[in-house]
Amino acid sequence: MPSTIPFARIGAKTLTAFAGIALAATLCACSAPSVSKENAPQAIAASLARFDEGLSFATDDADETIKAALESDPRLFYFYNGYNGTLSQDGTAQVKWEYKNKGAAIGDVALMSAAEDLDPIIAEAVAAHKTSIGIVSTTPELNRESIDAAFGKAKESGAWEAAGGKSYTISRGTSDYNAFYEVTISVEYAGSDNGGASAVSAQPAEK
């Protein structure tokens, strides 16, 4: 009987129908000592924040332990894209992380905890002339309709015109664990050359 069992989380579900995520089936062979169950969520969060290759940790349920790590700082979901690895009979998980959006900084990722958070996130980003707005939400209300509504309020208030806003594009987004949602919005301003386009649909994945 094998001492380890291969397992994987197939990345985060896409919010749009346009790009499924395919992860490699390679297994992680982590040589570092395993982190205890009690310290695993904190260690996982730190590992993801550093873009480590992988981690070894004790767990009764790898998905629940990783979810707890993401709950400690949901902005990490902007970068987390799943894992693959092995689970030993003694409850030791050895995982290799998969990432997305590695060109961004965690300090630039906005956190949406409730629907009313989105309006100030968009307003502040537009006022700061941000050309890329990364958002992580712990509510499925982060979607095309809510984003369009937030930009609509920025236009009604005059903030959009004052910033020289021309257009915005909502990228494909992802969701996972029925708890985390992320999206990137690209914004073009007058005088910029980042090539704005009309917004495209970004809806939460079906549960």
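What area, in nm² and to one decimal, does the C-alpha convex hull of region 24-129 cast on average over all directions?
So the mean shadow area of the Cα hull is 7.8 nm².
Which of 100/166; 100/155; 37/100; 130/153; 100/130; 102/155 have a Cα-Cα distance over 24 Å?
100/166; 100/155; 37/100; 102/155
In debye, nearest 20: dipole of region 42-99 around its Cα centre with unit charges on the Cβ of K, R (+) and D, E (-)?
240
Would you please give the FRET efficiency between residue 167 and residue 114, computed as 1/(1 + (r/R0)^6) with r the Cβ-Cβ distance and R0 = 35 Å, to the nearest 0.05?
The formula returns an efficiency of 0.80 here.
Among residues other than residue 104 whose Cβ falls under 13 Å from its Cβ, what is the net charge (Lys/Arg +1, Asp/Glu -1)?
My count for the surroundings of residue 104 gives +2.
Bear in mind these aren't lab numbers, they're just calculated from the coordinates by the rules spelled out. Because the structure is predicted, anything quoted here is derived from the model rather than measured. So basically every Cβ, Gly included, is an ideal-geometry build from the backbone, and we count neighbours across all protein chains shown.
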